[in-house]
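One structure is given below, encoded as structure tokens.
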Amino acid sequence: MDITIHTTALPHVDPDASLAFYRDVLGFEVRTDVGRGKTRWITVGPVDQPGTSILLAPPVADPGVTEAERTTITEMMAKGTYGWILLATRDLDGTFEKVQAGDAEVVQEPTEQPYGIRDCAFRDPAGNLVRIQEVR
């Protein structure tokens, strides 16, 4: 079997703010940007990994989502409990400094976890948790 991770999705509430975070702060390239206003689907990814992307999508654009579900999703996003992603870098301290300088909300500074991973955490403009772990 030959399976790869092609795209994963994270919700956004402000496509321009999310685009600025993933493009300008994390350095991802923009692969697609379709739609208008707040209803945009933006695909970004690491320049050196053209086969792996993050789809930044409006969270409640699906017409099958009920009003109660929309409310729940919006509440979870506001708390930062709806979406998250785990990224990796060889230079955790340098990456942390760059992301922190981009005014991202710091959730956790670089820390050696008890399970052997050194990582840090931020929230993107939509509240999604972005953990970045150091690979050695």
**Asked** What ranking do 87-95, 119-127 get when scored by the average of other Cβ atoms within 10 Å per residue, highest first?
**Response** 119-127, 87-95
**Asked** What nm value, rounded to one decimal, do you get for the distance between residue 17 and residue 52 when each label is placed 7 Å out toward the C-beta?
**Response** 2.7
**Asked** How long are the semi-axes of the ellipsoid equivalent to the chain, from square roots of 5 times the Cα gyration tensor eigenvalues, in whole Å, largest first?
**Response** 25, 18, 15
**Message:** Only bridges whose two residues both fall in the stretch 7-134 count here: according to DSSP, what percent of them are antiparallel, nearest 5?
**Reply:** 65
**Prompt:** If you find the alpha carbon centre of the stretch 67-136 and of the stretch 1-37, how far apart are they in angstrom?
**Reply:** 15
**Asked** What dipole magnitude, in Debye to the nearest 20, does the stretch 1-129 give about its Cα centre under +1 on Lys/Arg Cβ and -1 on Asp/Glu Cβ?
**Response** 300
**Complete:** With only helices counted (DSSP H, runs n ≥ 4, each -39500 (n - 2.57)), the per-residue ellipticity at 222 nm for the chain, to the nearest 500, works out to -6000 deg cm²/dmol
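No value in this document is a laboratory result; all are computed from the given coordinates. No experiment lies behind these values; they were computed from the predicted model shown. Quick reminder, even Gly has a Cβ in these numbers, built from the backbone with ideal geometry, and neighbours come from all protein chains shown.
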